[in-house]
Amino acid sequence: MRMSLPSRSVLLAIGLGVLLLLWLLSGDRQRFSDRAPDEAERAEALLARVEVREQTAEAYVPRLKAQGELLPWREVALRARAAGQVSALRVREGSRVNRNAILIELDQEDLPARLRRSEAELASQRAELAAAERLQGRQLASENELLRLRSMLAQAEAEEAALRQQLANAQPRAPFAGVVDRLEVEEGDFLQVGETFAHLVEDQRLRASAWVSQRDMTDLAPGLTARVTLLDGSELEGEVIFVSARAQESTRSYRVEVEVPNPERRRIAGASATLDIALPERQAHSVSPALLVLDDAGRMAVRHLDDDDRVQLTRVRLLSASSREAWVDGLPERVRLITVGGGFVTEGQQVEAVSEGGAR
């Protein structure tokens, strides 16, 4: 005999009622305790949970990058020290010359003959003075005569020195080894005193010059190593030799110069370059850029926990950053970084710390 549909509904309702009664009688001992929870239990129930990662500071070498240019180590405009007609060109544009190499020659006119006559007069004056000094030893020459001869000798020496200088000025020489970058005269040209006749450039070493903002000047000093990268990707190694003591008024930036050897004497003076300067090594922490926040004063900071699991907000200085990693200093040597949940806690708040692996 089949049971009717209303009978089934009644039996189902009775069964559910019995189950509900049994559940109410059994109760939830933990949820319906006969005592109030103590302060520790209430605090534990209210603690925010954050994930932390323990890490130790590492040795880090920060690098400072700046855009600049390569300049010749020395560059000078050579000017005539004597007037005269150019009688010969001893170099061409682009020629490499040694120090003291003759660059051009001016018409010497009668300078060689005048110098030979001056040399002869000088020799005669020296001989005459020597003879008078011997005579004085025998009381045969007066002191006044000796003074006169010495004066004439000094005059002869001065005249010879002046002629030798005039002869040297007629053959200007290179003050240092380098390249004749420009030659501005031709044979037959007449040079006036002070007129430029050539430009000499020293390219065996170069100066890489750049301007650095004032916020990057803390550890910058002469003696630091630097890498100079050209637009074609080639690199040169150098050393910081100069850091200006005063900022430029218009930009508040400081000039920095790096000495760069150029043994191959590549023609790169005047080219743009990137300076990459290695700053002094220091202890620093590597963190995710997502962990960097701003404190109330708008300064960069990182949240971490102290030994009592209270949130600390410590100001840091950004040393370098990429999309995946940021290096900062200012944190303790050993630190418990808040990696998850930092946005929901405040400084000084007690929290429940869970390691990144999930263990407390």
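See the values below:
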item: Tally of residues being of a type in the set (S, T, N, Q) and touching a residue at least 12 places away in the same chain (Cβ under 8 Å) across segment 220-243; result: 2
item: Scope segment 199-222; condition surrounded by 13 or more Cβ atoms within 10 Å (Cβ to Cβ) and in contact with a Pro (Cβ under 8 Å, 6 or more places away or on another chain); matching residues; result: 200, 201, 202, 203, 204, 205, 206, 207
item: Meets criteria (modelled with pLDDT of 95 or more and open to solvent by 50 Å² or more (accessible area, probe 1.4 Å)) for residue 239; result: yes
item: Qualifying positions in segment 223-236 - within 19 Å of residue 69 (Cβ to Cβ), part of a strand (DSSP E or B) and open to solvent by 70 Å² or more (accessible area, probe 1.4 Å); result: 235
item: Extreme residue, most open to solvent (accessible area, probe 1.4 Å), among residues of segment 296-324 that are within 24 Å of residue 217 (Cα to Cα) and in a loop (DSSP other than H, G, I, E, B); result: 299
item: Lone qualifier among 205, 252, 246 - being without any contact (Cβ under 8 Å) to a residue 12 or more places away in the chain and not hydroxyl-bearing (Ser, Thr, Tyr); result: 246
item: Residues of segment 138-168 satisfying the condition of being of a type in the set (Asp, Glu) and at pLDDT 85 or above; result: 157, 159, 160
item: For residue 56: the one exception among (1) modelled with pLDDT under 90; (2) closer than 30 Å to residue 344 by Cα; result: (1)
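The values are calculated or read from the model by the stated rules, or taken from the named source; none is laboratory data. None of the values given here were measured: they were computed from a predicted structure. Note that we place each Cβ from the backbone using ideal geometry, even for glycine, and neighbour counts take in every protein chain shown. Calculation scope for accessible area: heavy atoms of the full protein, side chains included, ligands and nucleic acids excluded. Shrake-Rupley method; radii C 1.70, N 1.55, O 1.52, S 1.80 Å.
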